[in-house]
1. Which one of VAL420, VAL444, VAL428, VAL410 is among the aliphatic types (A, V, I, L, M), more than 30 Å from ILE162 (Cβ to Cβ) and in contact with a Gly (Cβ under 9 Å, 6 or more places away or on another chain)?
2. LYS369 is checked against (1) in a loop (DSSP other than H, G, I, E, B); (2) in contact with an Asp or Glu (Cβ under 9 Å, 6 or more places away or on another chain); (3) of a type outside the set (S, T, N, Q); (4) open to solvent by 20 Å² or more (accessible area, probe 1.4 Å) and fails just one. What number does that condition carry?
3. Over 23 Å from ILE266 (Cβ atoms) and touching a helix residue (DSSP H, G or I) at 6+ places or on another chain (Cβ under 6 Å): which single residue out of LEU174, LEU219, LEU238 fits that description?
4. For residues that are open to solvent by less than 80 Å² (accessible area, probe 1.4 Å) and within 26 Å of the chain's Cα centre (by Cα), scanning just the stretch 401-420, find the one that is modelled with the highest pLDDT.
5. Checking the conditions here, which among LEU451, LEU495, LEU433, LEU506 is touching a residue at least 12 places away in the same chain (Cβ under 8 Å) and in contact with a helix residue (DSSP H, G or I) (Cβ under 6 Å, 6 or more places away or on another chain)?
6. So how many residues does the stretch 421-459 have that are surrounded by 14 or more Cβ atoms within 10 Å (Cβ to Cβ) and more than 13 Å from CYS395 (Cβ to Cβ)?
7. Has the stretch 88-95 got at least one residue that is open to solvent by less than 60 Å² (accessible area, probe 1.4 Å), more than 30 Å from the chain's Cα centre (by Cα) and of a type in the set (Asp, Glu)?
Amino acid sequence: MEKKQQKEKNNIVSFIPDGEYYFNKAIKALEKDQMDRAYKYMKRAAELSPDDAHVLMHYGLLEMNAQNFEKAYELIHTAYCMEPDEPEHVYYLAEVSGYLGLMNDAKKYAEKYLELEPDGYYAWEAKEIIDYVHFEQNEIDDFDEEDSFEQIIMQEKARRLIEEKQFHEAIEVLENLVDQYPELWPAYNNLSLAYFYVGDLEQSKAILNHVLRENVGNLHALCNLTIIAYYEKDEPALHYLVDVLKKVHPFDFDSRYKLGATLALIGEYDLAYKWLHSMSKRMMPNDPGFYFWLSQAAYFSNHVKEAERAWEMLTQLDPSKNGMEPWRHIKRKELSEIPTLDQNRDYIIKKISSNYSAHRMFGFFLLGKSAFKQEIISHPKLIDLSKYNGLEKLCLAYALNHQFNMNNKVEKNFIRLIAVAEELFNNVEALTLEIQHLFQMWFVLSEKAFLNGYEFKNVKALTAAVEYMYYSTVSSKKITKKQFAEKYGITVSTLTKYVDQLLEFLPFNEE
């Protein structure tokens with residue numbers, strides 16, 4: 001019996017996971033976008049295989065992905081010292097050097113990579129690094145450590161105030177900061193942004209022009225001026241600034257993000273996609289805004305699959321954005337190739353700026369379906385809650401995907417009101433200028449009905465009724481109640497009932 005047990009013991013194969021085992025598990029986790037697991041496995045692989053340059057380099061890439069650049073540099077530099085002629089190690093050492101501000105090293109290693117592989121996989125990126133260093137020569141200032149810490153604290157405070165829409169308080173903080181540090185250009189750019197949000201565009205532009213005079217080529221200032229020119233429809237200035245931005249080749253994460261988002265906002269989608277996508281290859285920021293602009297730039301530059309992937313990443317970070325894709329309403333109607341009002345920026349702005357409440361309601365309805373929604377709601381002057389009545393605020397809330405309480409009678413009536421507009425939208429091939437009056441008619445009728453406590457109980461019948469009323473007025477063809485009743489699956493008597501109800505809300509003595 002003892003001999004048998006000893007034989008079985010000798011037949012047991014001992015399994016102790018080594019570095020290669022954990023490295024392979026890390027790679028599989030990366031393929032499944034399981035970043036936390038990948039990091040854990042790669043770290044363990046590096047601990048078990050400290051002399052494996054390939055493992056150390058990949059561990060460095062994960063640290064770089066997490067923006068732990070000092071740790072990433074240590075790992076990648078160690079891998080490079082082990083295998084100094086491995087092109088991949090050389091390129092990533094150039095890249096991480098750039099993120100740390102070691103521009104001479106970044107340039108040196110990028111040039112070495114091109115010597116090793118002139119037409120290699122990273123040749124374009126290596127040339128970008130070299131161009132960036134040339135562009136940024138003599139732009140990096142070394143701050144006193146104590147001053148630098150104070151600047152960071154104050155700028156973070158100002159950033160938080162801006163996010164909380166306390167713009168005047170942010171202006172006060174930033175004015176004090178630039179007085180104390182007259183060459184702190186990021187503070188000037190944030191100060192300009194704060195003035196932009198309070199509607200003082202002239203002061204905002206003056207600050208940006210000051211930055212560009214004193215710090216020629218400042219990318220953030222150029223981008224902010226471009227956005228202002230776009231909002232003001234200053235075509236000569238916009239054309240000039242876009243030409244300048246097209247010649248810029250930023251290397252660092254922050255600059256590519258700023259440039260890409262700016263270009264996406266103003267509709268330069270191809271170039272916006274280039275810069276934002278270049279970041280996503282090795283840097284996946286934990287920032288919903290990044291994925292919003294990447295998805296928009298990707299979709300409108302015909303990279304639809306990439307757009308959908310980016311939006312999926314966005315919804316993982318911010319589930320409230322689920323179903324809010326900028327192209328959600330475009331895709332359904334794109335085959336018509338007819339310009340639609342929901343994608344006409346100027347038309348939407350005209351409607352939400354109208355003197356008539358029903359027009360503004362229609363404008364907010366269109367806004368909710370527009371790829372320009374983010375741009376329009378970010379403008380400091382286009383949306384002014386103090387000017388809107390309760391119903392208009394409900395329309396704006398709907399456009400912004402607010403969740404309504406169906407146990408609240410007022411909100412329930414509003415949702416039924418807007419459901420009729422949605423039915424109309426779903427039943428037209430394209431919402432064009434020719435069909436706008438149908439929708440405008442509904443918002444005129446529904447506004448008065450809502451204010452009179454009407455409950456909008458039968459959405460299908462109301463949709464049929466407003467369509468019948470509209471087409472029987474404008475069409476030269478014979479229009480019958482029967483055709484609209486059949487279209488919406490109701491009886492003629494039901495249609496007649498709701499037509500009669502809506503007739504009571506015709507504004508014969510208004511507008």
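The values are calculated or read from the model by the stated rules, or taken from the named source; none is laboratory data. Quantities reported herein were computed from a predicted structural model and do not represent experimental measurements. Virtual Cβ from ideal backbone geometry, glycine too; neighbours counted across all protein chains shown. SASA here: full protein model, heavy atoms, side chains in, ligands and nucleic acids out. Shrake-Rupley method; radii C 1.70, N 1.55, O 1.52, S 1.80 Å.
1. On inspection, the qualifying residue turns out to be VAL410.
2. Going through the list (1) in a loop (DSSP other than H, G, I, E, B); (2) in contact with an Asp or Glu (Cβ under 9 Å, 6 or more places away or on another chain); (3) of a type outside the set (S, T, N, Q); (4) open to solvent by 20 Å² or more (accessible area, probe 1.4 Å), LYS369 breaks only (4).
3. Of the residues listed, the single one that is over 23 Å from ILE266 (Cβ atoms) and touching a helix residue (DSSP H, G or I) at 6+ places or on another chain (Cβ under 6 Å) is LEU174.
4. So the residue we want is PHE404.
5. The match here is LEU495.
6. 20
7. yes
Okay, residues lined up against (1) at positive phi; (2) in a loop (DSSP other than H, G, I, E, B); (3) of a type in the set (Lys, Arg):
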{"residue": "ASN401", "(1), (2), (3)": "yes, yes, no"}
{"residue": "MET406", "(1), (2), (3)": "no, yes, no"}
{"residue": "ILE418", "(1), (2), (3)": "no, no, no"}
{"residue": "ALA430", "(1), (2), (3)": "no, yes, no"}
{"residue": "GLU434", "(1), (2), (3)": "no, yes, no"}
{"residue": "HIS437", "(1), (2), (3)": "no, no, no"}
{"residue": "TRP442", "(1), (2), (3)": "no, no, no"}
{"residue": "GLU447", "(1), (2), (3)": "no, no, no"}
